[in-house]
Amino acid sequence: MTFEADQVEQLCRAYGSSILRRCRAILKNDAEAEDAAQEVMVLLFEKGQQFRGDAAVSTWIYRVTTNVCLNHIRSESRRRTREQSGDVRDWIEKENPDAQRFVVQSDVLREALGGLSDLDQQIFVLRHVDGLRQDEIAEVVGRSRRTINKRLKKLDEWTEKKRAEVPS
Amino acid sequence: MSRAFDEPGRGAGCLSDLVLDVKVAEGHLAAPDAAHLETCAACAARLLVLEEQQRIWAPDVLRLAARAKAHARPRARAVWARRLFAGLVPAACAAAALVFFVVDEAPPDRSKGVAMSLFVQRDGEVFIGASGDAYQAGDAFRFRVRPRHHPYFMLVGVDGHGRTTVFYPLGGDAAAPLEDHDEVPLDASLVLDDAPEQEFVLGVFADRAVTAGEVARAVAAARARDGRLHEDALHDVTLDAELSWVVLNKGARQ
Ligand SMILES: [Zn+2]
């Protein structure tokens, strides 16, 4: 075991519960969340040298974790099941004034994210799953705060539109 | 699953999970954030949840980290973390791996001399352990010590062959002052591996910076002829310090 690997392990342990919590919140499936958390840690061991000192390690870990989870969702949505489509119908049918909140709290997040660009998916998760502020989202995804503000407005419109267009 | 916005009372000025995760992982909080935390019950409550998760999930995290390390391509393993965690050197040890681990602790008995209290986390439950009890692989331990008048302290793992590993100061080679001179919880905790041997955890309370080498030699000298270290022999260890220890017997996992 190298000294450096020891330190990456230390990092995994320090941030492991954060990684695991976020994977569970995004993926809504404990087994899949553990797979994703392990993938994140593999990336910490393998790709750590891509990390540059100009960002906090915490935001870097948030970014990697978000991307790994979204990749899980993307590959899962390719083999989407009928049951999940039913979940979306339930979501639409529910009288819920806060569509984003309902998406995050129910099991339909992965379905709902399907129509979004990769960047918007990241922003949606950081905003509505993690509850981050705009400047924090900007830091995690590496975009300007103005971009985040614009994308969040679009995302709100998108959510409302999706509610309206899906037949009951 | 608890989320930031699920908790009523966390308003616009509140600390995000991103900020609180850094506090949990590294102990850092910027001064304005620390000031907010002092006055905001909602953020303080959220921090407790995150700390609790870190404690409860420690065994899962350890398992995942070990698997991740095994899966990572060896040549790609990082040298980068040195910049981030300069000075934070985990004690690599066959007997134990280090994790952060937060428990609510009962105050130790003040009537005696130097003392160590043992807290055990097993399957999400935390209980106060006793020296000589049987423990299982995966059990995580945290120690609380009462150094009395001794300014220097070292926490040393000792295996059945008398081999030593320094757990406090983390990765250090000599006893170090504790931050507060009374009943100080240690920053690190230990997770028991599945090696079948009895192990000891030795608290060294000293008036000077006793070195790891001195402790190792003193413990080695107390071994029996067959090279094994028995608990009784710990009473005969000759060292310029007061000693307190716990014996960890390994029991089969239920
Ligand atoms: Zn607050």
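Details
- Exactly one residue out of A:Leu27, A:Leu43, A:Leu11, A:Leu70 is at the interface with another protein chain (Cβ under 7 Å from one of its Cβ atoms) and at pLDDT 85 or above, and it is A:Leu11.
- Any chance A:Phe102 is assigned to a helix (DSSP H, G or I), at pLDDT below 55 and among the aromatic types (Phe, Trp, Tyr): yes
- Residue list for the range B:233-253, filter: in a strand (DSSP E or B) and closer than 18 Å to B:Ala206 by Cβ: B:Glu242, B:Leu243, B:Ser244, B:Trp245
One line per residue, one yes/no per condition, for (1) within 10 Å of another protein chain (Cβ to nearest Cβ); (2) open to solvent by 30 Å² or more (accessible area, probe 1.4 Å):
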residue: B:Leu20; (1), (2): yes, no
residue: B:Gly27; (1), (2): yes, yes
residue: B:Asp33; (1), (2): no, yes
residue: B:His36; (1), (2): no, yes
residue: B:Cys40; (1), (2): no, no
residue: B:Ala44; (1), (2): no, yes
residue: B:Val49; (1), (2): yes, yes
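- Selection count, the range B:115-149, where residues are touching a Pro at 6+ places or on another chain (Cβ under 6 Å) and not in a strand (DSSP E or B): 1
- Considering (1) at pLDDT 90 or above; (2) more than 9 Å from chain A (Cβ to nearest Cβ); (3) open to solvent by less than 10 Å² (accessible area, probe 1.4 Å), the lone condition that B:Ala65 does not fulfil carries the number (2).
The values are calculated or read from the model by the stated rules, or taken from the named source; none is laboratory data. On a predicted model such as this, the values are computed, not experimentally measured, just so you know. Here Cβ is always computed from backbone atoms with ideal geometry, including for glycine, and neighbour counts include all displayed protein chains. Surface areas here come from the heavy atoms of the whole protein model, side chains and all, with no ligands, DNA or RNA. Shrake-Rupley method; radii C 1.70, N 1.55, O 1.52, S 1.80 Å.
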